[in-house]
């Protein structure tokens, strides 16, 4: 491989490796961390006899790892679809020279496997190393007792292997467009064509709507049952999982519409309108770059609202006993913080995807941005446009996530303790303002951070690049 | 270098009418042994209502000259005047504002913003300025869109238009704000010959009818034959210029330039 190709492979696959490494490191760290705590509990004569703590730790970490990997896979799918879009002419040329579409797609899938492998190994090292380092500090500080624990834990290989698998799958899904590249495209003019996107199948949309409606039915049914029996939580919980699967599966129906509405709120200046149009130009790409963020925000909000509503309802039901209240409050706050931090990690992965999508969007629009520069778009207007685009994506995901999370959280709390005597009315919701504020602040921060690199790249485009054909 | 055609003598009064003018401009890229002399001292003036074609073999410096005239690039030495303003030494921001207000562009391809409809593309220069067009300007734009046959396509996106229609939208956008200079870079390069001739007639009538100054870079003798004046460049110098020429003479002269290389 020549130096130039190695360089372009680094920029093309950098984000993929980063995301795979982050997911893998997170998964490995959680497994090693829970393994360590498990060993600590076993070494302790009091808790040593039962395995409940270990089992509980393992179940919760599987959920968090699953969310992180899902985010990572969606982001990687996007990365690969954009990579393929940028290679259309190259692929068309090889098709012209006799390569089959399947061989071309297979080549992309193999790159995915390699990206996944590299990322997984990096994550394995970083995740285990990170936990070992923290454990060493904790031991030195005397917080953690000295007991034997081997980091050569075979379970830690599971998240790494899962990352390889999901990255490879993401490459396969993301490279679907290779099949539509015709050899003719190597001959045609260099005119920039819009990225043709396969319409999502009716089956998928149908399944999404079915899951959503059935899930919603279970969710509200669970709340109704909860008014007489705490078993309602189980019904509402399955309703939550089913309906949210529907939301994620049908994100391509929901997010572009939401983006349009948010885009209209951005104002009517040329900059804002162009940004709004760009955000919905490739609905599938925009959906993929926001859905990870949507999942994270929804989960954080769900936990926070559920626990807060739960706490408030208990407090009201117990007749404002201040001593009781303080105890519940501390416990719930701790749980909320721990959950939010763990899910927040998935939000970081989603953020990487957002930066990536914005940067590649700018790269693909080089000539259009050059045209705008030639027509008199100032560098500042260009920066503002990228910022507005970033803001539109983040705002949409955060707003939808807060809305969904509030509904889920409300349903969770009411389905569990709606039957408690003295519980407040059905529509009571406890809003955890500090958590919501942190989510919104995180969204603002992400908007700013995500737009820095793409905006710099956009302003570096010379207006001359819009002239003539390559 | 042989000069087959004598350069036309210029008078002081012509300079006064010039809306865009370069004087002794040179442009060098790179340094040391790798230095490329794109322009080696060029004088050129475009007057109000004049349609000038800039021709030359590839590498003659015609694109560079156009970039300088359009405020897209700055010369290494020499002066570039747009109206009464010397723009050769302006910084990027100042050049951007200048392009926004005083220059119109028509390119070979990819002229339009794909996410905006026809009227959105035509009004873009006004919106960039943040200025609403006056009633008089709106009347002018309405008439322009009618003349260009776009009146019933205002809500179309570029991808719904043919190449010729897209180019007419670009011309409407370039003329709408009545800039001091319209710069056209191979405006017919991507069009079939009949559509290409239509576009050239539109440019020529914009110059004659609206008094618009237009500088067009091309290597197509037929395109250049629509211009009021043809300027030939070779190796970064003006080697000849003449009033209206027919395509055959232009082609023959271009061949002698190629031979001389």
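Computed from the coordinates by the stated procedures, all read-outs in this text should not be read as laboratory data. These numbers come from a predicted model, not from an experiment. All Cβ positions, even for glycine, are placed from backbone atoms using ideal geometry, and neighbour counts span all protein chains on display.
Using alpha carbons only, how many degrees (0 to 90, rounded to 10) separate the axis of helix A:3-43 from the longest principal axis of chain A? Relative to chain A, helix A:3-43 is tipped by roughly 10 degrees. Between residue B:101 and residue A:99, the distance separating the two model label sites (each 7 Å from Cα on the Cα→Cβ line) works out to 5.2 nm. The C-alpha atoms of chain B define a longest principal axis, and helix B:247-260 lies at about 40 degrees to it.
Fewest first, what order do A:248, A:337 take by the number of other Cβ atoms within 10 Å? Could you put the intermediate results ahead of the total?
On the way: A:248 19, A:337 14.
With the fewest neighbours first, A:248, A:337 line up as A:337, A:248.
Nearest-5 percent of antiparallel DSSP beta bridges in the protein assembly as shown? Mind showing how you got there, number by number?
Values: 22 of 39 bridges.
Close to 55 percent.
Using a simple spin-label model with pseudo-atoms 7 Å out from Cα toward Cβ, residue A:137 and residue A:433 lie 3.3 nm apart. The mean number of Cβ atoms from other chains found within 10 Å of a Cβ in peptide A:210-217 is 0, as a whole number.
Using r as the Cβ-Cβ distance of residue A:147 and residue A:121, and R0 as 30 Å, what FRET efficiency do you calculate, to the nearest 0.05? List each step's numbers first, then the result.
On the way: r = 28 Å, r/R0 = 0.94.
Between residue A:147 and residue A:121 the formula returns 0.60.
To the nearest 0.05, what FRET efficiency results for residue A:157 and residue A:448 with a Förster distance of 25 Å applied to their C-beta separation?
Details: r = 38 Å, r/R0 = 1.51.
With R0 = 25 Å, the Cβ-Cβ based efficiency is 0.10.
For a paramagnetic label modelled on residue B:160 (point 7 Å from Cα along Cα→Cβ), amide N atoms under 16 Å away belong, within the range B:91-130, to B:113-122. Sorted on the mean count of surrounding Cβ atoms within 10 Å across their residues, most packed first, peptides A:418-424, A:304-310, A:450-456 read A:304-310, A:450-456, A:418-424. Please determine, in degrees from 0 to 90 and to the nearest 10, the orientation of helix A:101-140 with respect to the longest principal axis defined by the Cα atoms of chain A, where the helix direction is its Cα long axis. Around 40 degrees separate the two axes. Take every Cα pair under 8 Å whose residues are at least 6 apart in sequence, average their separation, divide by the length of the range A:195-274, and the relative contact order is 30 percent.
Sorting the segments A:351-358, A:153-160 by their residues' average number of neighbouring beta-carbon atoms within 10 angstrom, most packed first, yields A:351-358, A:153-160.
Going from the fewest other Cβ atoms within 10 Å to the most, the residues B:27, B:132 appear in the order B:132, B:27.
Give the average, rounded to an integer, of partner chain Cβ atoms located within 10 angstrom of each Cβ in A:268-279. Intermediate results must be reported in sequence, preceding the final value.
Working: counts 1, 3, 11, 3, 0, 5, 6, 1, 1, 5, 3, 1.
If you average over the peptide's residues, the count of other-chain Cβ atoms is 3.
Legend: calculated FRET efficiency, residue B:255 to residue B:58, from the Cβ-Cβ distance at R0 = 25 Å, rounded to 0.05, equals 0.95. Rounded to two decimals, the Cα radius of gyration of the range A:203-470 over 2.2 N^0.38 Å is 1.19. Other protein chain C-beta atoms within 10 Å of residue C-beta, averaged over A:368-375: 6.
Note: chain A, Cα convex hull, 178 Å³ per residue.
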